[in-house]
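First the structure, in the form of structure tokens, and then the observations on it.
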Amino acid sequence: MTNDSIPDLTAFDDESLNQAFAALEQQAREAAAKINSEEDVEAFKLVWLGRKQGRLTEVSARWLKAAPAAAKKALGVRFNALKAAVEELLESAAGTGPSDAALKAEAIDITLPGTRRLLGAEHLITRTTNEIVSVFAALGYSVGVGPQVETDYYNFESMNFPPGHPARDTQDTLVIASQERRPLRDRLLLRTHTSPVQMRTMESQPPPVRIVIPGRVHRNEADDATHSSTFYQVEGLCVDTHITFSDLKGTLDHAMRALFGSSVKTRFFPSFFPFTEPSADVQISCIFCGGKGCRKCKQSGWIELLGCGMVDPAVFAFAAERQPAYDPKKISGFAFGMGVERIAMMKYGISEIGQFYSGDMRFLSQFV
Ligand code: DAH
């Protein structure tokens, strides 16, 4: 198909013009019918609509310009109609509009059932945290929080773990890198317990204080069935005049019965924490066997659940640097700390701590 095939026009009457244009349109249709590929489309476009040597350009040059003035209008109208026809042929050959099949594939069948979205639910750790916090809220405790990235001062020093003290090794943690130039007390680490929030609370308000502090903590620890390097605690602190160990016992005895049922008994065993003196571990009668002895309680009838004690005067002395009212001669208090996962595992019969963090819906959906 070359431009040479365009004949010269010799007659300009309507009949001759109609014939000449019809012949050209026929050629264009035949050419368009043979289009099979992208390249064919491009070739058609070049041959018919090419700006410099396209057939329409040639028609315009040869026929329009050579026409006598009287025929120019009739020629122009037909030329425009031809051009429109050629452009339409190109468009449908190029498949610019989606095909019927494509349209059908995209159509939405409104009679199909919709996508069912799962309802969210409280995670067991959140639920258990809330249960613990509610027990203390009912006793008049307020609720606080503190940062997970903590300073050495709050996490250790003010909790009476002096620099180099061996008790620090019992709570090895992850420290933020490249802080050697900072004084030890300002260096940042991931808090190993929620106890530092005791100090933050006392610094921000004078006694009396009754507060529980839930939060996430971190330890450099190997994961196993009952230990995780990140877990949750609820801390408690009560400071006032004349607070005694009896108040501590009564409060935790009540809390354990509120959490595990009214038949649960508690007992207090001597222990050690740097920030309490005296310190105790609290055991509850085994909720699985009622105290008779079973595999879960290692035949002892008791399960160890949390740490507590009377706030060490050294801790009050740190608080008194900011709030003089924490004078250990005038006030006293108790503190306690419990692991949320441990309590949740007992309450809901879970044997692998990793289940809490797995995000496995088969596990989570059992507790919706
Ligand atoms: N902070 C301790 C720990 O993570 C738990 C604890 C024990 C908190 C005794 C206390 C407490 O407030 O009095 O092991």
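Quick note: the coordinates plus some simple rules give every number you see, no bench work behind them. Being a predicted model, the structure only gives us computed values, none of them experimental. With ideal geometry, Cβ positions are generated from the backbone for all residues, glycine too; neighbour counts draw on all protein chains shown.
Brief remarks on what is shown
- Highest mobility in the GNM of the chain, judged by mean-square fluctuation with C-alpha springs under 10 Å and restricted to Arg168, Arg62, Arg181, is found for Arg62.
- When the range 124-367 is described by a simple charge dipole with +1 on each Lys and Arg Cβ and -1 on each Asp and Glu Cβ, the residue from Asn160, Gly291, Ala325 located farthest towards its positive end is Gly291.
- Partners for Lys34 among lysines (Cα-Cα distance below 22 Å; same-chain residues under 8 apart left out): Lys45, Lys83
- Within the chain, helix-based [θ] at 222 nm, where runs of 4 or more DSSP H residues each add -39,500 (n - 2.57), nearest 500: -11000 deg cm²/dmol
- Residues Tyr357, Tyr153, Tyr141, arranged from fewest to most other Cβ atoms within 10 angstrom of their Cβ, appear as Tyr357, Tyr153, Tyr141.
- The dipole here belongs to the range 27-147: it is taken about the Cα centre, uses +1 on the Cβ of Lys and Arg and -1 on the Cβ of Asp and Glu, and is about 980 debye.
- Between Ala167 and Asp40, the contour length at 0.36 nm per residue exceeds the Cα-Cα span by 37.5 nm.
- Length released on extending from Ala11 to Ala70, taking residue separation times 0.36 nm less the Cα-Cα span: 20.0 nm
- Cα-based reach from Lys298 at 19 Å (exclusive), listing aspartates and glutamates while leaving out same-chain residues under 8 positions away: Asp224, Asp281, Glu352
- Here the simple spin-label model places points 7 Å from the Cα toward Cβ, and for Asp224 and Phe363 these points are separated by 1.8 nm.
- Helices meeting the span-like rule in the chain (full DSSP H runs, Cα extent of at least 20 Å along the helix axis, mean Kyte-Doolittle score of 0.0 or higher): 72-94, 245-260.
- Among 331-343, 306-318, sorting by the average number of other beta carbon atoms lying within 10 angstrom of each residue, highest first, gives 331-343, 306-318.
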